[in-house]
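J.: Input: one structure, supplied below.
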Amino acid sequence: MRRILLAVLAALPLMGAADDTFAIRAATVHPVSGPKLENATLLVVNGTIAEIGNAKLAVPKGTRVIDGKGLHVYPGIIDSSTQVGLSEISSVRETSDVSELGDFKPQLRAAVAINPSSEHIPVIRANGTTTALAVPGGGLIAGQASMMHLDGWTWEDMTVRRDAAMVLNFPTLSASGDRSFADARRNYDQQIRNLSAYLESARRYQKAKAAPVPDFRIDLALDAMLPVLEGKVPLLVGAERERAVRDAIAWADREKLKIVLFNVRRPGKAMTEIKSRNIPVILGPTQELPLEEDDPYDEAFTVPLEFHKAGVKFAFGTFGNQFARNLPYQAATAVAFGLPYEEALKAITINPAEIFGISAITGSVEKGKWADLILTDGDPLEVKTQVKRMFIKGKEVDLDSRHTRLYKKYMARP
Amino acid sequence: MKTRRLLVALALLAAPLAAEPPSAVAIRNARIITVSGATLDRGSVVLRNGLIESVGASTSIPADAWVVEGEGLTVYPGLIDALSTVGLNTPTPTIQTTGRRGGGPPTGDPAPAGPVSRGPEDRPLNTSYLLAADQITLADRRIESYRNMGFTSAVSFPTRGIFAGQGAVINLSGQRPSAMVIDPSAGLYLTMRPNGFGGGFPNSLMGVIAYIRQIYLDAGQYKEAKAIYAAHPAGNKRPEYDKTLEGVLAATRILLPAQNPKEIHRMLRFATELKQKALLYGLQEGFLATDVLKARNAAVLLNLRWPERARDGDPEAVESMRALEFRDKAPTTAAALAKAGVPFAFYLGGLERASEINAAIRKAMAAGLTEADAIKALTLSAARLFGVDDRLGSIEPGKIANLVVTKGPLFEDRTEMKYVFVDGVKYEPAPAPAAPASEATR
């Protein structure tokens, strides 16, 4: 008897190590990449989706089985723009690591600055977001935006892709305050010249590195630009309105660079240029007021539909931390204003995965991909839906957060 | 004693007499717009010693008068810019009625440097004791350029700070600054502009209002304390001399900024609360508030510098309906005020070219203002609002001889300014309306 007990105790750690191996039975699986599967069985082995099948799918003996009856499996939601882990309270300088000084600092990596213990992370997870792009800011080339899992002991654990994109705060041309338009134009032209000069120096560096020059020295900043020049990393180019979009595209054409447009709010006629070059777009928040006071109230709500009609691939971002938990509802707002539901769901799952080059490993529920999953009692775009369980790389994640702790605390108040 | 007084009077008279040899001038057979009375299609005006001696259809021409043939000419009272900085060596008065949205001060008017103020007791932005009459400089080339456009008088104010200072009614000519002053106490110019960044209290509109309120409470208390002390100096602690309160107490009226209906309501109530006789200035959205202005017997100074599209703005910028409507309707304010019977005078708001001024007035006339009302708003009404209508603003015997003689109607670009008389002194503006000289001095 005692011997058996000891054997069981010895076996426990082994079973513990296999907590990223499990099966979900009798759930409705929404792969996003394909039609939904009712009463399906999903087998996850070592954090990776090993098999998706019907009720009859056999699972290896001893596999932990989760009863998914009445529940739905969706891929983890991806937020295409946050400052997660970079900024805790933006007005407290010590907690903010978003930007560095200087105009050109492509060598900066958002991933390494992430604070894995950020209080924002559990809150953002609450509605199903498992993955988020951490975007650095400041200067012209702000640094590398990193795609991060929203769970892990260290930034290394969390990193999905360190160099998901290179952030370019494209110069804006606007005459605000006392500044004249001619003045603004001069300043803008100067910034564009600076930017092109920097790219030229990056190209010269690239050439010098390829054909070794005797006194060649590694320069971290220029070195970080190489993947951009080679088209392996897209430039994430912020452009809000038509003129900025047009200017950014014309510039990218001249420089022959691969770009992703970022925070586009009013593309106007530049939409055709976006489409003709198949440039993907990260959309600004939908739950926003219109840009100008006479604009239609639903401008921000209907922009996603415009992009869909034009056939442009897009994803949603929340552009912040404290409201990043509302990402699914941003997508839902677009649905309420005409965007097909399937497209909205893609815009927070598989589309960002494709845009940022991680679709081979996540973004949908498919065999061979990481088990970044949420288990819900309904449609995640619906506010009433509860996310019951969450798995990141097959590891179950605690859904407790500061919000739920405060809820419990004050509910218990005598 | 008596002889001495006579001597002083003679000495005072002697100065202009010496400077202007033919002291009597008669303008004969001209069309005369008296403003105060009926227009004379053919009449004469006689000026003597800087005053209007007589006016009428059949006025006899004194034998000693220098005769100006007025055939085909029109005589108007000299125009008055009712709120100006002309003659004060300050930059062009981009008189702003409000601070920026959010309470920040407008740029280009930095707060006077000084220690950071902590409260009303530090009397921030208060130069109520400044007298425009003491600040006049002949070096301001706008004196000449405005005069050449027919402006013979202006009510000039210091404009910096919250309690900026006391204005003066001045004539736009003179050998010495002191000779220009008609009335050194035209009123106290107030703004609602908070302190700039780092300037300390008040840093918001509510701070400014609370501050002004406190100043008037303090001034009331100060006045009483001074009276008591004057009656019983022994055994009483002397009230501390406060030049800012002295200035506030000396003011004959206050000028308060109000551009839109909200500000108009606010400032009318504020003036009542402060128990001050007030003139509102700005008023470009006054067309929306004529009822309350009338109901409260308000008198206003209307800015002629109508809103315009920014000259060097973003060509692709889309303007809001609100901005467009404001620009479209602002010039209707003059006609609306005239119709409602609200007394108003125009001020140039920094317009410097004759063509701009003419265009602005014609805009108001196109929106329904009669020519007579337009002239009145630049002459007699302005004089009345500042209590100098016994001296200025119309062509009547006994008034100061400020006249404009034109060939053609006023406010038309092709009209030639033949003569401008200020204090009876004749000026002949250059025939072509020259670009304002002040451009070069700025």
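The values are calculated or read from the model by the stated rules, or taken from the named source; none is laboratory data. The structure displayed is predicted, hence computed values, not measured ones. Note that each Cβ is placed from the backbone with ideal geometry, even for glycine, and that neighbours are counted across all protein chains shown. When the accessible area is computed, the model is the full protein with side chains, heavy atoms only, and any ligands, DNA or RNA have been set aside. Shrake-Rupley method; radii C 1.70, N 1.55, O 1.52, S 1.80 Å.
J.: Accessible area per residue for the protein assembly as shown in Å², computed with a 1.4 Å probe and the full protein assembly in place, what is it?
T.: With all protein chains present, the protein assembly as shown gives 47 Å² per residue.
J.: With point charges of +1 on the Cβ of Lys and Arg and -1 on the Cβ of Asp and Glu, referenced to the Cα centre of segment B:295-442, which listed residue (B:417, B:400, B:313) lies farthest in the positive direction of the dipole?
T.: It is B:400, whose Cα lies furthest towards the positive end.
J.: Right, something else. Rg and Dmax of chain A over Cα atoms: what are they, in angstrom?
T.: Both quantities, over Cα of chain A: 23.3, 89 Å.
J.: Using a 1.4 Å probe on the protein chains only, how many percent of the accessible area of chain A belongs to carbon and sulfur? Please list the in-between numbers first.
T.: Details: 10760 of 19870 Å².
Its accessible area is 54 percent carbon and sulfur atoms.
J.: What's the angle, to the nearest 10 degrees (0 to 90), between helix A:242-255's Cα axis and the longest principal axis of chain A?
T.: 80
J.: What total accessible surface area, summed over both chains, is buried at the interface between chains A and B, computed with a 1.4 Å probe and given in Å² to the nearest 100?
T.: For chain A against chain B, roughly 900 Å² becomes buried.
J.: Based on DSSP H assignment, which helices of chain B show an axial Cα extent of at least 24 Å together with a mean Kyte-Doolittle hydropathy greater than or equal to 0.0?
T.: B:2-19, B:205-231
J.: Using the Kirkwood formula over every pair of different C-alpha atoms, what hydrodynamic radius in Å results for segment B:367-409?
T.: This gives a value of 11.3 Å.
J.: Under the √(5λ) rule applied to the eigenvalues of the Cα gyration tensor, what semi-axes describe the equivalent ellipsoid of the protein assembly as shown? Give them in Å, descending.
T.: 77, 30, 25
J.: Stretched out fully, how many nm does the piece from residue B:49 to residue B:243 gain, at 0.36 nm a residue minus the Cα gap?
T.: 66.0 nm
J.: Could I ask something else about it? Could you state how much accessible area residue A:276 has, in square angstrom rounded to the nearest 10, with a 1.4 Å probe and all protein chains kept in place?
T.: Accessible area, nearest 10 Å²: 80 Å².
J.: Could you report the accessible area of residue B:201 in Å², rounded to 10, computed with a 1.4 Å probe on the protein chains as they sit in the structure?
T.: Its accessible surface works out to 60 Å², give or take rounding.
J.: If I take every Cα pair under 8 Å that is 6 or more residues apart in chain A, average their sequence separation and divide by the length, what percent do I get for the relative contact order?
T.: Relative contact order of chain A: 20 percent.
J.: Please report the relative contact order for chain B, taking Cα pairs under 8 Å with a sequence separation of at least 6, and give it as a percent rounded to a whole number. Walk me through the numbers before you get to the answer.
T.: Details: 953 pairs, mean separation 84.8, N = 442.
Dividing the mean separation by the residue count of chain B yields 19 percent.
J.: Within 10 Å of each Cβ in A:348-361, how many Cβ atoms from other chains are there, averaged over the peptide? Before the final figure, lay out the partial values.
T.: Values: counts 0, 0, 0, 0, 0, 0, 0, 0, 0, 0, 0, 0, 0, 0.
Whole-number average of other-chain Cβ neighbours for A:348-361 is 0.
J.: Now for a separate question. Tally the DSSP beta bridges in chain A and give the antiparallel ones as a percent, rounded to 5.
T.: The antiparallel proportion sits near 55 percent.
J.: Subtracting the Cα-Cα distance from 0.36 nm times the residue separation, let me have the gained length for residue A:288 to residue A:26 in nm, one decimal.
T.: 90.4 nm
J.: Right, another one. Given the C-alpha centroids of segment B:325-370 and segment B:168-188, what is the distance between them in whole angstrom?
T.: 26
J.: Using the Kirkwood radius over Cα pairs, work out the Stokes-Einstein diffusion coefficient for chain B at 10 °C and 1.306 mPa s, in µm²/s as a whole number.
T.: 69
J.: Could you tell me how many degrees, from 0 to 90 and to the nearest 10, lie between the Cα long axis of helix A:327-336 and the main elongation axis, the longest principal axis, of the Cα atoms of chain A?
T.: Approximately 80 degrees, to the nearest 10.
J.: Which of A:217, A:185, A:193 moves most in a GNM of chain A, Cα contacts under 10 Å?
T.: A:217
J.: Considering chain A as a Gaussian network with a 10 Å cut-off on Cα pairs, which listed residue, A:248, A:221, A:110, attains the greatest mean-square fluctuation?
T.: Among A:248, A:221, A:110, the largest GNM mean-square fluctuation belongs to A:221.
J.: With all distinct Cα pairs included, what does the Kirkwood hydrodynamic radius of segment B:209-337 come out to in Å, to one decimal, could you say?
T.: The answer is 17.5 Å.
J.: If you don't mind, there's one more thing I want to ask. Please check segment B:314-328 for residues whose accessible area, probe 1.4 Å, is lower by 50 Å² or more when all protein chains are in place than in their chain alone.
T.: Residues passing the criterion (a loss of at least 50 Å², heavy atoms only) are B:314, B:316.
J.: Compute, for residue B:66, the solvent-accessible surface of its heavy atoms (probe 1.4 Å) with the complete set of protein chains present, and express it in square angstrom to the nearest 10.
T.: Here the accessible area works out near 150 Å².
J.: Show which lysines lie in cross-link reach of residue A:313 when reach means a straight Cα distance below 19 angstrom and same-chain residues fewer than eight apart are skipped.
T.: Output for residue A:313: A:232, A:258, A:269, A:275, A:346.
J.: Could I ask something else about it? Leaving out same-chain residues fewer than 8 places away, which lysines sit with a Cα under 24 Å from that of residue B:275?
T.: Within reach: B:223, B:226, B:243, B:262, B:294.
J.: With a 1.4 Å probe and all protein chains in place, put A:369, B:237, B:363 in order of accessible area, largest first.
T.: So the residues, ranked largest to smallest area, are B:237, B:363, A:369.
J.: Let me ask another. For segment A:108-196, compute Rh as the Kirkwood radius over C-alpha pairs and then the Stokes-Einstein diffusion coefficient at 20 °C and 1.002 mPa s; write the answer in µm²/s, rounded to an integer.
T.: 142
J.: Any chance you could check segment A:261-302 for residues losing 50 Å² or more of accessible area when the partner protein chains are in, compared with the chain on its own (1.4 Å probe)?
T.: Those are A:293, A:294, which lose 50 Å² or more relative to the chain on its own.
J.: So what is Rg over Rh here for segment A:279-414, counting just Cα atoms and using Kirkwood for Rh?
T.: 1.02
J.: Now for a separate question. When chain B is treated as a GNM, springs tying every alpha-carbon pair under 10 Å, which of B:84, B:153, B:60 comes out with the largest mean-square fluctuation?
T.: B:60
J.: Going by alpha carbons, how many degrees (0 to 90, nearest 10) lie between the helix axis of A:220-229 and the longest principal axis of chain A?
T.: 80
J.: Can I ask one more? Identify, among B:177, B:117, B:334, the residue whose Cα sits farthest towards the positive end of the charge dipole of segment B:78-393, taking +1 on the Cβ of Lys and Arg and -1 on the Cβ of Asp and Glu, with the dipole about the Cα centre.
T.: B:117
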